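Working notes, structure below.
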Protein chains: 2
Amino acid sequence: MSLNEFDVIEKYFAGLLPDRDDVIRGIGDDAAVLSGSADCNLIVSTDSLVSTVHFFPDADPYDVGYKSLAVNLSDMAAMAATPRWITLSLSLSGVELNHSWLSGFSQGLAELADRYSLSLVGGDLCRGPLAITLQIIGECPKGREINRYGARPGDSIYLSGELGAAACALAMLKSGHKDIRPGFSERLLRPSPRIELGIALRGIASSMIDVSDGLLADLGHVIKSSRAGALLNIDDIPVDGHLTSDCAPDEKWQYVLAGGDDYELCFTVPEDNRRKLENINQPVFRIGKITAGKGIQCKNNDGAVYIPTGAGYSHF
Amino acid sequence: MSLNEFDVIEKYFAGLLPDRDDVIRGIGDDAAVLSGSADCNLIVSTDSLVSTVHFFPDADPYDVGYKSLAVNLSDMAAMAATPRWITLSLSLSGVELNHSWLSGFSQGLAELADRYSLSLVGGDLCRGPLAITLQIIGECPKGREINRYGARPGDSIYLSGELGAAACALAMLKSGHKDIRPGFSERLLRPSPRIELGIALRGIASSMIDVSDGLLADLGHVIKSSRAGALLNIDDIPVDGHLTSDCAPDEKWQYVLAGGDDYELCFTVPEDNRRKLENINQPVFRIGKITAGKGIQCKNNDGAVYIPTGAGYSHF
């Protein structure tokens, strides 16, 4: 099959092409022309997924497309941004250059793009080892972004949802298991970016990050940027009951504290804003507080100190 | 050598990090926060360079860094945009993960970034086959962008400089030659994005594109978008004298008309604006005119029709 770049875009990505009023010129010129909102800052992020590094070579293309966008949307959520526009660089080997792969990939991408009314405004297709680089541009009213560095001693630390299932699914897939719990593989392959929660936390959270590399690693970035410490009650971290029943305790805590890929939000809220947090009516879980110290201390309900065995994941 | 993402950024890309006032938050958070100009549109483009597809695996890393940015800047030039911010996704195999490669690459990138006061505001490093995806965001006063679709019959067609040398250098490198004319390899490896000219053409040019895939292919995009035709006098196309002396005529015209990688601007100017064009004091070359027909017709000084043998280059 012979496909050129324009054929591929028109055939598989047409549904993602601009229908936003703020896209003056989309695909089809040397660059896109976009009209930003005067009262907003731009929020810009990029993330790559490379075959065999970030996903299995035989991964379902729908999942690859979905996750390429999900991880970028999660970065938008963590800044309290409203996502607007995406560009896509797709490097395809001969193996993926067929209808089945391209339609699966584009449909996975479209599921999330449609949900958030995103426009694909630019990109680049080339032959090469399978890799996807997606860039996302969002907006946030000026000064309402939520950074990593704003946590202060006394702030409460919250999570938006359960941790550990994605890391457990990944470990099982890596060791050759095929019978992964559907709920677990869903967490790994199709994480839910917490866009609505991120936006709702404008003016409430003092700092925020998404848990992509593991709670301890990511909360570690927050306290380092904020020059503070953290005290966690690990028994307050929401965990899928199956993780507790299926895994030995140390394995479970490894997944929960150091496993990546959950893409929940971890954020801090000053005491004065906790009432506002209750009013947003979204599930959040208080797991600890920011301290004046350094580093992260983990305790359990009995007050005993827990020493974690891992410290997060780096793809590099 | 063990290097993590933060080490690499701090050690090699620190000089590219924000010193622009419009960067509210650069690298070090989930996403960058940028303050756009209220009276400007955003101009957004992305381009990937993949080892063995876009450059030789043993290419000088300085050249790879330089060209990664040059091709993106050329897209900005072609829209009449002022470039502002870049993000970089770098996939590195073990071979490039060393001081020599990283410092060469980052210096090549920095040469152009410094020239245009660009800030590196985000990115992603991962292990994988060598590939570089660079995204660039520029600005242009609203409505002053120059698109591909504005050419009208009677407009003159211009080029910003000589064509063909880059394609000749590439052909020689591919056939194993090592003694390439320095001027030719410079054109291939370190093309000059025509940013200043692009900006100067705001309000003057009716359409514009950069010549990356070959003049006939790229001018073909312009006339297709503009629903017009073009008549070229090939003897008016500026060509390095060495190309004429070194190559057989058909080979020369193949490089000039269908060779890519020159990154000169091709633009059209209505009769009423030709006086303004003279006042910008930059070298430009009139090579033909837009017609009411379809397709591109090539003639020479004698008025004879020339039938080109190739139609441009696709990396895909």
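The values are calculated or read from the model by the stated rules, or taken from the named source; none is laboratory data. Please read all numbers here as calculations on a predicted model, not as lab measurements. Cβ placement follows ideal geometry from the backbone for every residue including glycine, while neighbour counts extend to all protein chains displayed. We work out accessible area using only protein heavy atoms, side chains counted, and drop any ligands, DNA or RNA first. Shrake-Rupley method; radii C 1.70, N 1.55, O 1.52, S 1.80 Å.
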In the protein assembly as shown the DSSP beta bridges are antiparallel at a rate, in percent to nearest 5, of 75
Stretched fully, the stretch from A:GLU196 through A:ASN279 gains (0.36 nm per residue minus C-alpha distance, one decimal, in nm) 28.5 nm
Checked chain B with the C-alpha gyration tensor, a ≥ b ≥ c its square-rooted eigenvalues, rounded below a/c of 1.5, otherwise prolate if a/b is larger than b/c and oblate if not; verdict oblate
Once both label points are put 7 Å beyond Cα along the C-beta direction, the A:SER117-B:ASP272 separation in nm becomes 3.8
Scalar couplings 3J(HN,Hα) for the stretch A:267-279 by Karplus 6.51 cos²θ - 1.76 cosθ + 1.60 (θ = phi - 60°), nearest whole Hz, x for Gly and Pro, are 9, 10, 10, x, 3, 5, 9, 5, 5, 4, 4, 4, 6
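Quick one: putting +1 on the C-beta of Lys and Arg, -1 on the C-beta of Asp and Glu, what dipole do you get for chain B around its Cα centre, in Debye to the nearest 20? Mind dumping the intermediate values first?
Values: 28 positive and 41 negative charges, 199 e Å.
Its charge dipole is roughly 960 debye.
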Measure of exposure for A:MET208: accessible area at 1.4 Å probe, Å² rounded to 10, is 0
About its Cα centre, the protein assembly as shown carries a charge dipole, from +1 on Lys and Arg Cβ atoms and -1 on Asp and Glu Cβ atoms, whose size in debye to the nearest 20 is 900
A correct Karplus calculation of ³J(HN,Hα) over the stretch B:291-307, with 6.51 cos²θ - 1.76 cosθ + 1.60, θ = phi - 60°, whole Hz and x for Gly and Pro, returns 10, 7, x, 10, x, 10, 10, 10, 10, 10, 4, 7, x, 6, 6, 10, 9
With the label point 7 Å along the Cα-to-beta-carbon line of B:PHE56 and a cut-off under 11 Å to each amide N, the hits in the stretch B:161-202 are B:170-180
Note, A:GLY123: beta-carbon cut-off 10 Å, +1 each Lys/Arg, -1 each Asp/Glu, net -3
So, in nm and shortest first, the distances from A:ALA292 to its counterparts in the other copies, with label points 7 Å along Cα→Cβ, work out as 8.4
Packing-ranked peptide list from A:233-245, B:83-95, highest mean Cβ count within 10 angstrom first, is B:83-95, A:233-245
Taking Lys and Arg as +1 and Asp and Glu as -1, residues besides B:GLU196 with C-beta under 12 Å from its C-beta add up to +3
Rounded to one decimal in nm, the spacing of the 7 Å Cα→Cβ label points at A:ASP250 and A:ARG227 is 3.8
Averaged over the residues of A:118-129, the number of partner chain Cβ atoms within 10 Å of each residue's own Cβ comes to 6
Short to long, in 10 Å steps from zero, the percent of alpha-carbon pairs of the protein assembly as shown per bin is 3, 16, 25, 25, 16, 8, 5, 2, 0, 0
Projected onto their principal axes, the Cα atoms of the stretch B:5-141 stretch, largest extent first, over whole-Å spans of 45, 30, 22
Counting only protein heavy atoms and leaving out ligands, DNA and RNA, the solvent-accessible surface of A:PHE6 at a 1.4 Å probe, in Å² to the nearest 10, equals 110
So, relative contact order of the stretch B:5-141 in percent, Cα under 8 Å, 6 or more apart, is 40
Counting only protein heavy atoms and leaving out ligands, DNA and RNA, the solvent-accessible surface of A:ILE24 at a 1.4 Å probe, in Å² to the nearest 10, equals 100
For the stretch B:156-306, the count of lysine pairs 8 or more apart or interchain whose alpha-carbon atoms are under 26 Å apart comes to 11
